[in-house]
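Some notes on the structure that comes next.
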Amino acid sequence: MSDSKYAVEMRGIKKSFGGIYALKGIDFQVERGTCHALVGENGAGKSTLMKIMTGLVGKDTGEIFINGNQTEIHSVRHAEDLGIAIVPQELSFVSYFTVAENIFMGEEPVKKGSKLVDWKTLFATCDAKLKELKIDLPSRKKAGDLNVSDQQMMVIARVLAKNAEIIIMDEPTARLGHGEVAKLLEYIKYLKGQGKTIIYISHRLEEIFEVCDNVTVLRDGMTVDTLPVSQVDNDKLINMMVNRSVNVVAQKREHNIGEVVFSVEHISRRNVLHDVSFNVRRGEIVGLFGLVGAGRTEAVRAALGVDKYDHAEIKLEGKPVKFAHIGQALAAGIALVPEERRKQGILPNTPIYRNVSVGNLKQFTKLGMLDEEAEKKYAKDATDKLSVACTSIRQTVGSLSGGNQQKVVISKYIDRDIKVFILDEPTRGIDVGAKDQIYTIIENLAKQGMAVIVISSEIPELQLMCDRVCIMSEGRVISEMTRDEFIDSDNVLKNAIGI
Amino acid sequence: MVKSMKSLNISKIAKNFGTLIGYIILLIAFTILAPGRFMTVSNMIGILRQIAMLGTISIGLTFVMITKRSDLSIGYSTSFLGIFVAALMVNAGMNIWVAALLTIILGALIGLINGTIISYLGVPDFIGSLGVGYVVAGINQAYTKGHPVSNLPESFGIFGSQRLFDVLPNAVVIMIIVLLVSYVILRHTRLGRYIYAVGDNEEATLMSGINTKKTVVWSYVFCGIACAVTAIMLTSRLGSAHPQAAEDYLLNAIAAVWLGSTAFKDGEPNLAGTVLGALIIGTMANGLTIMNVSYYYQDIATGLIILLAVIITSIQRQNKK
């Protein structure tokens, strides 16, 4: 081991996916034996950086030093050998295995001269290890029967049992209660005392002030700054995280806002949505802001019949409606551009024109047969309107860039009888130039008199587009702001995370 | 640039037409190895007649496999439908056309049950269709006690053993009709589009407002109808109905559709490919029989050919990623 004071040093890390830069030159240094916070908005590049560090994806350019030695991290196995491990946000373990099996998976002790697991030794080793790590867990219990907090400790124990020295914790408190959070933070302090290095990713800033020594802020794939936690406060961190360079206030708005077209009142679903209400007017763009899991997507999906709800009063143009499935919502004139484009939006191996027309084929059917020429013309018009960049509408959608894929998804609804347009994270994973085009498209929808709802966790884009924003957290609407209030508010993020 | 375009086209041709080229090589090989016996008009028509049933049932299975599902009941269903059509004529004295029509309706019904269990009740396709297959096979055994139904009316031979203009076997004509109808459904109707859309991305299709469950049920109904048509042809050809006459068809049909998905459409099941797949299987059997290769070795050879085609496709697909 060299005498570098840094456990991890990353210099000029760049990474692109399909031509879109996720990381545009990150510098990241973590001192050994410290807890180092990594913060930034969704899409700032935290996950990608951690994937590079744990060997899940390779970097394009840049240098990585582990304990002062320059290294290329080739694989997850290689990262483990270097002592790097992650406790992911979505814990992965086998729920019908015991705690001991999960902790020693792949390294179970076997009986001499056989391949049979030596259960006695396994549990004894596990108990000893847990005692050494000062983690109190029942080694013989099934992992699925533990509560979330204990499951997390089990995953931490697994990482430590593999002698990890650099431990990444990705939103470790996202699903913990207050008492459990305190317990976890205590344990992190203990690990620090043992000389371990922790990289701590969290949206909850107050935890960072409690347990971290230094903080690095990322924004749009770049390092904003690295500072000792003692030199920052809440407001300063938020200002560093949120990109205010967009000249939003200067934008002149000419929305011709009319009567309420679509309203969702008191929609509730056990454990997910608690009495959520929002509405949107003709020609208006309403934002639903919040972090992932705040209930924005869930509220819209339930209202449109994709998921179930326990109670709700939904009105379209003043008339009560209830949609059994999303086809009915579409037929009534409500379009949803879903959150996960690849999974829910596109038919990747199908030509562009068949993607555009798939939900609208009745229009091109004569005597049961498709009129493919009319269909192609329709698709050509719709994709031209949104200037989808493609060589031919016969090209498969999977071969397009993210921005153009999103335009194809939007074009499915552009020439239909749509009154309400709902777009869920419309610019996620799309590069900056294409983002602007999507904003213009959404702006034009409103200008044409459609009622538009945009779900997003990016403040600048909502500031840019919206006339009104509902802020959601933990399944509730906690605040509703006008455009000016939202632009002025420095407290938006605080509101969203409930500080 | 020009050069890379060219090599791209060559690899594309190899990918889309490799299996077809392989089949042509197979034909040439048998022509050389069995001179004067393999490449004759009557033997070629014989191969077509041999694969008419396999082709038809495989076309039905193609509908299901496009949606990325399978139907393990087809062998049992086809055996039972053969018994059914024979019993209607022999034991109930029905007219051959009425009996055939009722059989097709029953085939559609079996498909409907399969599709409903798998799509609406959410049972995994393998176990759902296997369960239906067991029940159908059980009814078959209980009714026949394992004995064939024979003494079919001579006129029933129209569906299998007779020839159009004394040249083309009627079974081949029927397969071609099934192929054309299937082509029109898959290529030129909304339902066909939906079936392909479900196979490409089921959730995105649902989010586009399409009733994906109904689409899946329809694909099983088409498969059931194809089983019924196959059963009628088979019973007509054999002149009697055997309780287990069609059980081999399950594996052969899966092989034909898989082989077919290696041709023409980049790894997706498709009709032309399925017919090619059935042709390859039928030609192997025919050619090896002509060369007096014993039945046991024939299976080994067919198995190796199938593996070869699928391995090549899998390697191509991995390289694409």
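Read-outs throughout are calculated quantities, based only on the coordinates presented, and are distinct from any laboratory measurement. Here the structure is a predicted model, which is why all the values come from computation and not from measurement. Here the Cβ is made from the backbone with ideal geometry for all residues, glycine too, and neighbour counts use every protein chain on show.
Local charge sum around A:Thr125 (other residues, Cβ-Cβ under 12 Å, Lys/Arg +1, Asp/Glu -1)?
-3
Indicate the gyration tensor shape class of segment B:269-321 (rounded, prolate or oblate), computed on the Cα atoms with a ≥ b ≥ c the square roots of the eigenvalues: a/c under 1.5 is rounded; otherwise a/b larger than b/c is prolate and the rest oblate.
Judged from the Cα gyration tensor, segment B:269-321 comes out oblate (a/c at least 1.5, b/c at or above a/b).
Can you give me the distance in nm between label points at A:Asp371 and A:Glu186, each placed 7 Å from the Cα along the Cα-to-Cβ direction?
Distance between label points: 7.4 nm.
Choose one of B:Ala226, B:Gln244, B:Asn201: the residue whose Cα lies farthest towards the positive end of the charge dipole of segment B:177-321 (beta-carbon charges +1 Lys, Arg; -1 Asp, Glu; about the Cα centre).
The residue sitting farthest along the positive end of the dipole is B:Asn201.
In whole Å, how far is the Cα centre of segment B:18-65 from that of segment A:142-182?
When both Cα centres are located, 60 Å separates them.
Suppose a student asked you for the relative contact order of chain A, using Cα pairs under 8 Å spaced at least 6 residues apart; what percent would you report?
The value is 15 percent.
Going 7 Å from the Cα of A:Gln194 along its beta-carbon direction, which residues of segment A:21-55 have the amide nitrogen within less than 18 Å of the resulting point?
From segment A:21-55, the list is A:32-36.
Taking R0 as 56 Å, what's the FRET efficiency between B:Asn91 and A:His311 from their Cβ-Cβ distance, rounded to 0.05?
Details: r = 59 Å, r/R0 = 1.05.
FRET efficiency, B:Asn91 to A:His311: 0.45.
So how much slack lies between B:Leu168 and B:Ile45, counting 0.36 nm per residue of separation and subtracting their Cα-Cα distance, in nm?
Here the segment from B:Leu168 to B:Ile45 would lengthen by 43.6 nm.
For B:His188 paired with B:Lys214, estimate the spin-label separation in nm (one decimal), with each label point 7 Å from Cα along the Cα-to-Cβ line.
2.3 nm
Give A:Lys15/A:Lys412; A:Lys362/A:Lys412; A:Lys366/A:Lys412; A:Lys59/B:Lys265; B:Lys68/B:Lys213; A:Lys366/A:Lys419 a once-over and call out the pairs whose C-alpha atoms are over 23 Å from each other. Don't skip to the answer; put the middle values down first.
Details: A:Lys15/A:Lys412 32 Å; A:Lys362/A:Lys412 14 Å; A:Lys366/A:Lys412 21 Å; A:Lys59/B:Lys265 34 Å; B:Lys68/B:Lys213 13 Å; A:Lys366/A:Lys419 27 Å.
Table pairs above 23 Å Cα-Cα are A:Lys15/A:Lys412; A:Lys59/B:Lys265; A:Lys366/A:Lys419.
By how many degrees, between 0 and 90 and to the nearest 10, does the Cα long axis of helix A:372-385 differ from the longest principal axis of chain A?
Result, in degrees: 70.
Among the aspartates and glutamates, select those whose C-alpha is under 18 Å from the C-alpha of A:Lys343, and discard any that sit fewer than 8 residues away in the same chain.
Candidates past the 8-residue exclusion: A:Glu298, A:Asp307, A:Asp424, A:Glu425, B:Asp200, B:Glu202, B:Glu203.
Evaluate E = 1/(1 + (r/R0)^6) for B:Tyr143 and A:Trp119, where r is the Cβ-Cβ distance and R0 equals 51 Å; express this FRET efficiency to the nearest 0.05.
Result of the calculation: an efficiency of 0.45.
How do A:Cys126, B:Cys223, A:Cys390 line up, fewest other C-beta atoms within 10 Å first?
A:Cys390, A:Cys126, B:Cys223
For chain A, what does -39500 (n - 2.57) per DSSP helix run (n ≥ 4), summed and divided by total residues, give at 222 nm, in deg cm²/dmol to the nearest 500?
One gets -9000 deg cm²/dmol as the mean residue ellipticity at 222 nm.
For segment A:435-452, in order, what is each residue's ³J(HN,Hα) by Karplus, 6.51 cos²θ - 1.76 cosθ + 1.60 with θ = phi - 60°, in whole Hz (x at glycine and Pro)?
3J(HN,Hα) across segment A:435-452, in whole Hz: 4, 4, 5, 5, 4, 4, 4, 5, 4, 5, 4, 5, 4, 6, x, 7, 8, 10.
Measure nothing fancy, just the Cα-based angle from helix A:119-132's long axis to the longest principal axis of chain A, in degrees from 0 to 90, nearest 10.
Long axis of A:119-132 versus the principal axis of chain A: about 90 degrees.
By average Cβ neighbour count within 10 Å, what is the ranking of A:451-458, B:101-108 from highest down?
Working: A:451-458: 25.4, B:101-108: 20.1.
Packing order, densest peptide first, comes out as A:451-458, B:101-108.
What are the trypsin sites (Lys or Arg not before Pro) within segment A:288-327 that DSSP puts in a loop, where the Cβ has at most 14 other Cβ atoms within 10 Å?
Here the sparse-neighbourhood loop sites are A:Lys308, A:Lys322.
Can you list the GluC sites (Glu not before Pro) in segment A:66-96 that are in a DSSP coil and have 10 or fewer other beta carbons within 10 angstrom?
Filter output for segment A:66-96: A:Glu72, A:Glu90.
Output the antiparallel fraction of DSSP beta bridges having both residues in the protein assembly as shown, as a percent to the nearest 5.
Roughly 60 percent of the DSSP beta bridges within the protein assembly as shown come out antiparallel.
Output needed: percent of Cα pairs per 5 Å distance bin for segment B:40-246, bins running from 0 to the one holding the longest distance.
With a bin width of 5 Å, the distribution comes to 1, 8, 15, 19, 18, 15, 11, 7, 4, 1, 0.
Which value, in debye to the nearest 20, describes the size of the charge dipole of segment A:143-215 about its Cα centre when Lys and Arg Cβ atoms bear +1, Asp and Glu Cβ atoms bear -1, and nothing else is charged?
It comes to approximately 220 debye.
Between segment A:387-450 and segment A:307-359, what is the separation of their alpha carbon centroids in Å?
Centre-to-centre distance over Cα atoms comes out at 15 Å.
How much FRET efficiency would the formula 1/(1 + (r/R0)^6) give for A:Leu56 and A:Ser401, where r is the Cβ-Cβ distance and R0 is 22 Å, rounded to 0.05?
0.45
Check which residues have an amide H placed less than 5 Å from A:Cys35's amide H, if you skip close sequence neighbours.
Close amide H contacts, sequence-distant or interchain: A:Ile198, A:Asp213, A:Asn214.
Quick check on the protein assembly as shown: take the gyration tensor over C-alpha atoms, sort the square-rooted eigenvalues as a ≥ b ≥ c, and tell me if it's rounded (a/c under 1.5), prolate or oblate.
prolate
Under a point spin-label approximation (7 Å from Cα along Cα-to-Cβ), what is the A:Lys141-A:Asn444 distance to one decimal in nm?
According to this spin-label approximation, the distance is 5.8 nm.
Size of segment A:260-497 along its principal axes in angstrom, Cα-based, largest extent first?
If we take the Cα atoms of segment A:260-497, the spans are 51, 38, 30 Å.
Find the relative contact order for segment A:260-497 and round it to a whole percent, using C-alpha pairs within less than 8 Å whose residues are 6+ positions apart.
Relative contact order, segment A:260-497: 30 percent.
Sort out for me the Cα centre separation of segment B:111-184 from segment A:206-243, rounded to whole Å.
69 Å
Seen from all sides and averaged, what is the projected area of the convex hull of the Cα atoms in segment A:144-218, in nm²?
Mean orientational projected area (segment A:144-218, Cα hull): 5.3 nm².
Calculate for chain B the 222 nm mean residue ellipticity that helices alone would give, adding -39,500 (n - 2.57) per DSSP H run of length 4 or more and normalising by residue count, nearest 500 deg cm²/dmol.
-25500 deg cm²/dmol
By the gyration tensor of its Cα atoms, with a ≥ b ≥ c the square roots of the eigenvalues, what is the shape of segment A:6-241: rounded for a/c under 1.5, prolate for a/b over b/c, or oblate?
Values: a/c = 2.09, a/b = 1.52, b/c = 1.37.
It comes out prolate by the Cα gyration axes.
Can you compute the charge dipole magnitude of segment A:1-132 about its Cα centre, using +1 on each Lys and Arg Cβ and -1 on each Asp and Glu Cβ, nothing else charged? Give it in debye, rounded to the nearest 20.
Here segment A:1-132 has a charge dipole of around 160 debye.
Across segment B:26-36, in residue order, what do the Karplus-derived ³J(HN,Hα) couplings come to in whole Hz, using 6.51 cos²θ - 1.76 cosθ + 1.60 with θ = phi - 60° and x for Gly and Pro?
Ordered by residue, 3J(HN,Hα) equals 4, 4, 4, 4, 5, 4, 6, 6, 10, x, x Hz.
Calculate the dipole size of segment B:40-246 relative to its Cα centre from +1 charges on Lys and Arg beta carbons and -1 charges on Asp and Glu beta carbons; express the result in debye to the nearest 20. Could the numbers behind the result be given before it?
On the way: 11 positive and 7 negative charges, 27 e Å.
About 140 debye.
Using θ = phi - 60° and the Karplus curve 6.51 cos²θ - 1.76 cosθ + 1.60, what whole-Hz ³J(HN,Hα) does each residue of segment A:276-284 get, with Gly and Pro shown as x?
8, 10, 7, 8, 9, 9, 4, x, 10
Counting DSSP beta bridges with both partners in segment A:260-497, what percentage is antiparallel, nearest 5?
55 percent
Provide A:Met105, A:Met240, B:Met207 in ascending order of the number of other Cβ atoms located within 10 Å of each residue's Cβ, fewest first. Please list the in-between numbers first.
Working: A:Met105 13, A:Met240 19, B:Met207 26.
The fewest-first ordering by Cβ neighbours comes to A:Met105, A:Met240, B:Met207.
Taking the 0 to 90 degree range and rounding to the nearest ten, how far is the long axis of helix A:402-411 tilted relative to the main principal axis of chain A, both from C-alpha atoms?
Helix A:402-411 sits at roughly 40 degrees to that axis.
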